[in-house]
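Some notes on the structure that comes next.
The values are calculated or read from the model by the stated rules, or taken from the named source; none is laboratory data. Predicted model, so just to flag it, every value in this text is computed and none were measured. Cβ atoms come from the backbone with ideal geometry, glycine included; neighbour counts cover every protein chain shown.
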Amino acid sequence: MIVDHDLVIVGGGLAGLAAALKAAPDLDVVVISKVHPLRSHSVAAQGGINAALGNHPEGKDDSWEKHAFDTVKGSDYLSDQTAAELMCQRAIPVLYELEHLGVPFSRFPGGVIAQRPFGGAGFPRTCYAADRTGLVILHTLYEQALRRKVRFYEEWLVTNLVVREGRCYGLLAYDLHSGEIISIRAKAVIFATGGYGRVYQKSTNALINLGSGIGMAFRAGVPLKDMEFVQFHPTSLLGKNILITEGARGEGGYLINNQGKRFMADYAPSTMELAPRDIVARAIQTEINEGRGFEGEYVYLDLRHLGKEKIIKRLPGIREICLYFGGLDPIEEPIPIQPAQHYSMGGIDVDENCASPIEGFYAAGECSCVSVHGANRLGGNSMLETVVFGQIAGRFASEYIKDIKGSQSDEKALGYIQDEAARLQSKVNQWLKNKSKRNVYHLFHRLRHLMMDKVGIFREKKKLAEALEEIREIRHEYRHLSLWSDCLHYCQEFITMMEFESMLDIAEVITMGALAREETRGSHYRTDFPTRDDQHWLKHTIARYNDGRPQLTYREVKITRYEPQERKY
Amino acid sequence: MGKYVFRILRFDPQKDKTPYFQEFEYESSPKDAVLDALLNIRENLDPTLSFRHSCREAVCGSCGMVINGRITLACRTILESLKDKLVIIEPLPNLEIQKDLMVDLTPFWQALREVEPYLQPAESHPPKGYRIDAKQMEKIYQFINCILCGCCYSACPVVARGQGYFGPAALAKLYRFVRDPRDLRPFSQWEKIDKPQGIWGCDTVFRCHDVCPKDVRPADGIEGLRRKLIVEKLKKVFRRKPK
C-alpha cells in the first residue's frame, strides 16, 4: 500500500504539533505518531517554559538578550549564539501565542502570567501552570489541531526514512492495527520524534523514548551533532527515577546530604541549588560517591520548609508523585533523589530553519540539534525549543514544498520507496525465520546498563573504550536475533526490535564522541581531562554514517556577542 | 520479592473466538507497579502480550485497565497495595478489545470532538496576554488535570447503555472552556449538550469520581454545565421582548 502526502510530520508531541499548526493550510499534511499524540513524552514536562516577560517583581530588568546570555553560558559556550538569540527573541511572542491558544498559565496578582526562578537563569523567567506545564501545553496544541482538523495516523511506527542522492522521498511505517508495513511518499518530512532517554538504564523519560527517529535519520545519511552531550537531571525520585521538577528548587527546595548540610555551598556558592543541571547533578553524584549520601544511592530534596500551602498550590503534581510512587508526603518528609538521564542536547544536525543537509528533510525538538543547548540545556528551555523550532520547521518545510512544486519525479520516488520496502521486508522475514534462544529485551537491558555504567555522568578513556567494544558486540548479537512473536498484529516486540537498532547507533555515536572529546564541557565530564579546552574543543561534533560505522568531523561554533569565559555560578 | 500470579484476559480478534484468561507466575518486588509486572511478563514469558504504556508516571493516560475489579492506571497501582498475590487484569470495559488489554478508544475521542474542546477567544488578543485573576484561573485547574485516560468513560453506567452518551471526560472538558474567562463561545454553540446524550444523561452515581486517577471529579463539571445552562435559558426567556 502506498500513501501520498505533501508534508509528513513524524511525532505528535509539542514540536510535531507546533509544526502541524504552522504548516501552510493549503498543503496536504499528516502527523504520524507511534502513540496517541497526548501520550507523547512532552506531557510529562513539569516546571515551565522560559520567556523574558519581566512579570516577576525581581525580573523587571530581564530581556531576551539576558535570556540568550544565560542560555549560552549554560551551554558552556557550545551553543550557536545566533540560534540561542533567535530562540530567546521568539520566546516572548510565542509565549503570548500559547496563552491565546488557551494554555492556562498560573497568574501573579494583577492577572499577568506567573514566573518562577530556574537553574542558571539570571532572572525568574520560567512561566508555568503549577507543575503540569507540559500537560497543559500539549493538550492545548492538540485541541488546536482538532480545531484545524489536522490529520493523524496514530499508532504507526515510522521505521525507515527513504533518502537517495541527498534528497528525502518518503517513509516506511508499521501500522500496529493492521500489522502491515505502509509506504508513504512525501515531498518533505519533519522529524519531531523526541529524545533517546531509554538508552540509559536510569532515565526520567517515558518508556517510549527509544530515539528511533534519530537513529533512523542517521542510517539514512543525515548527520548527527554533539551527541556526546547527555543531560542528567539532578533530581529524580529514587526507585522509578520519575522527574522531580527543577521548579521544586525554584520554589526554594534544599538539597541535603547525610550530614544535614546544604552541600551546594561547596559547588556553586552564589546560586546554590539553582546552579545549572550539569553542575548540580555532578555535585549530587560526588556526594553519593564520597559517602555523604544515604545508603550509597541518594541525597534528600527537602521541601518541608516551604509549607503545606505552597507545596499544594505550586507543586501539586510533585506531591502526587511522591505519595503514589515514593510512599511519602513531601510536606512531612524529605524526598530521596538521585540523578538520572533526562535530555539529549545532541541530535539530528539542522540549521536555524530546521533544515538538515538532506533536501526535504527537517527536524525539530529534542530529536534535533540546532544547536541552542550546546553542552548543557537550561531548565525551561526545552519546551521553548519545541514550540519555537517546531513552528519554524512547519513554516520552512511548507515553503520548500511550494518551491519544488512539480520538480519531483513521482515515479522515481515510488521506485526508491519500493526498493526500501523490499529491503525491510526481507529483514523482517529473516527475523521470523531465525531461531534465537534470547529475545531482544535481553540485549536491550544489557545496552542500557552499559551506557549507565560506562558512558554516564563521569567518563574516562578506559571505560569509554570498553563500552564502545561492547556496543559492537551487542550489535553483532542483534543481527542474529529472532522475533518470538508469530504475528505482527499489535506486536510490541516488533517495535522494540525495530527501535533497538537505532539505540545501538545512538549509543555508538555518543560513546565515540565522548571518547574523542578530550576535555570537560557542560554535561560531558572527563575525569581524565577535567577542564574545558577552548583552544582545541570549542567546536561541534558531527557524526556521519559511513559504511556501517560512524565517522566524526568537527564544525566551528557560531559566536556573536558573548565571548567564552570561565563558567562560575 | 514475592511470587505473584497474574491472571490476564487475552484476546486476539484475528485468532480467538472468545476472550480467555491466561495465568502467569512471576517473581516481583512488592514495590513494583502492575505495569512493571506486565512489562516483565512480556519481556520474559510472552512477547505477544499487548497493552499500552508510555510515561509510567500517571500523566500520559495510556495504561487504564481493570485490576482486581477496579478501573485504574496500571503504572500507579503498586503490587503491595493489592490485598492479594493473585492479580486479575482485564481491559477497560465499555470499549471494544483490539488485542489483550488494548481497547479501541475511538468513541471516547469522538465524544471529545463533539464538544469542540478548544479555546474560542475574541478575534483580537491583548498583545501582552490576558489579565486573569489567579483565583479565576485556579477554578479550572481541577479540570485541566484530566489526562484523558478514559477510565471514567469505562466506568460510566450511562455509557454502558450504549445510547451515544458523551461520557464524563468530554463534558468536564467542555466545562473547563465554558468556565475559562478567555473563552467567548456563544451559548447557542454549546447548547447542543442540552440532550440525553449530553448533560442530562448523567445519572449522578459518581462512578467517574471513584475511578478518576487525577481527582478531576468530572460530575462537578456536568453539574456546573447544568446550572449554567439553566441560567442561560432563563436569561433568554427574560430577554425576549413582548410582541
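Structure values in brief
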quantity	calculated
Members of the range A:117-136 found to be more than 7 Å from chain B (Cβ to nearest Cβ) and not in a loop (DSSP other than H, G, I, E, B), listed by number	A:Thr126, A:Cys127, A:Thr133, A:Gly134
B:Asp104 vs. criteria within 19 Å of B:Phe177 (Cβ to Cβ), among the charged types (D, E, K, R) and within 11 Å of chain A (Cβ to nearest Cβ)	no
Residues being away from chain A (no Cβ under 14 Å) and assigned to a loop (DSSP other than H, G, I, E, B) - total across the range B:53-81	2
Where A:Thr245 falls short, out of the listed (1) in contact (Cβ under 8 Å) with a residue 40 or more places away in the chain; (2) surrounded by fewer than 24 Cβ atoms within 10 Å (Cβ to Cβ); (3) outside any helix (DSSP H, G or I); (4) not hydrophobic (A, V, I, L, M, F, W, C)	(2)
Within the range B:54-86, tally of residues that are over 21 Å from B:Val216 (Cβ atoms) and touching a helix residue (DSSP H, G or I) at 6+ places or on another chain (Cβ under 6 Å)	0
Residue among A:Lys261, A:Lys313, A:Lys308 that alone is farther than 28 Å from A:Ser344 by Cα, surrounded by fewer than 19 Cβ atoms within 10 Å (Cβ to Cβ), in the same structural domain as A:Leu237 (by TED's automatic domain parsing) and within 30 Å of the chain's Cα centre (by Cα)	A:Lys313
Residue that is farthest from B:Asp12 (Cα to Cα) [pool: residues in the range A:144-198 that are in a strand (DSSP E or B) and acidic (Asp, Glu)]	A:Glu154
Extreme residue, surrounded by the most Cβ atoms within 10 Å (Cβ to Cβ), among residues of the range B:197-236 that are among the aliphatic types (A, V, I, L, M) and closer than 24 Å to A:Arg319 by Cα	B:Val216
Of the criteria (1) at pLDDT 95 or above; (2) under 28 Å from B:Pro117 (Cα atoms); (3) aliphatic (A, V, I, L, M), which one A:Ala130 fails	(1)
Residue count, the range A:428-442 (criterion: away from chain B (no Cβ under 13 Å), touching a Ser or Thr at 6+ places or on another chain (Cβ under 7 Å) and not charged (D, E, K, R))	1
Any hit, the range B:121-133, residues being under 20 Å from the mean Cα position of the chain (by Cα) and farther than 21 Å from A:Arg107 by Cβ	no
Number of positions in the range B:99-120 that are buried (at least 19 other Cβ atoms within 10 Å of the Cβ), in contact with a Lys or Arg (Cβ under 8 Å, 6 or more places away or on another chain) and assigned to a loop (DSSP other than H, G, I, E, B)	6
Hits in the range A:519-569 (condition: in contact with a helix residue (DSSP H, G or I) (Cβ under 7 Å, 6 or more places away or on another chain) and either polar (S, T, N, Q) or not in a loop (DSSP other than H, G, I, E, B) (or both))	A:Arg521, A:Ser523, A:His524, A:Tyr525, A:Thr541, A:Ala543, A:Tyr545, A:Pro550, A:Leu552, A:Thr560
Residue list for the range B:1-47, restricted to those being of a type in the set (A, V, I, L, M, F, W, C) and not in a helix (DSSP H, G or I)	B:Met1, B:Val5, B:Phe6, B:Ile8, B:Leu9, B:Phe11, B:Phe21, B:Phe24, B:Ala33, B:Leu45
Which listed residue is facing another protein chain (nearest Cβ under 10 Å), touching a strand residue (DSSP E or B) at 6+ places or on another chain (Cβ under 8 Å), buried (at least 22 other Cβ atoms within 10 Å of the Cβ) and not hydroxyl-bearing (Ser, Thr, Tyr), from A:Ala145, A:Ala114	A:Ala114
So A:Glu466, is it within 14 Å of another protein chain (Cβ to nearest Cβ) and either modelled with pLDDT under 95 or assigned to a helix (DSSP H, G or I) (or both)	no
Residues located in the range A:96-111, provided they are among the aliphatic types (A, V, I, L, M) and either crowded, with 22+ Cβ neighbours inside 10 Å or not assigned by TED's automatic domain parsing to the domain that holds A:Leu378 (or both)	A:Leu98, A:Val103
Residue ID - surrounded by the fewest Cβ atoms within 10 Å (Cβ to Cβ), chosen from residues in the range B:83-93 that are out of contact with any Ser or Thr (no Cβ under 6 Å at 6 or more places or on another chain) and more than 14 Å from every other protein chain (Cβ to nearest Cβ)	B:Lys83
Leading residue by the ranking (nearest to the other protein chains (Cβ to nearest Cβ)) among those in the range A:317-333 that are in contact (Cβ under 8 Å) with a residue 12 or more places away in the chain and acidic (Asp, Glu)	A:Glu333
Residue check for B:Tyr130: of a type in the set (Phe, Trp, Tyr) and at the interface with chain A (Cβ under 7 Å from one of its Cβ atoms)	yes
Scope the range A:341-363; condition in a loop (DSSP other than H, G, I, E, B) and either under 10 Å from the mean Cα position of the chain (by Cα) or at positive phi (or both); matching residues	A:Met345, A:Gly346, A:Cys354, A:Gly360
Hits in the range A:362-414 - residues which are among the β-branched types (Val, Ile, Thr) and either surrounded by fewer than 22 Cβ atoms within 10 Å (Cβ to Cβ) or under 20 Å from A:Val163 (Cα atoms) (or both)	A:Ile401, A:Ile404
Unmet criterion (only one of (1) in a loop (DSSP other than H, G, I, E, B); (2) in contact with a Leu (Cβ under 9 Å, 6 or more places away or on another chain); (3) not aromatic (Phe, Trp, Tyr)) for B:Ile89	(1)
Filter result for B:Arg176 (among the basic types (Lys, Arg), surrounded by fewer than 20 Cβ atoms within 10 Å (Cβ to Cβ) and facing chain A (nearest Cβ under 9 Å))	no
Residue check, A:Ala422 assigned to a helix (DSSP H, G or I) and out of contact with any Ser or Thr (no Cβ under 6 Å at 6 or more places or on another chain)	yes
Candidates A:Phe218, A:Phe191 - the one that is modelled with pLDDT of 95 or more and either under 20 Å from A:Ile471 (Cβ atoms) or among the basic types (Lys, Arg) (or both)	A:Phe218
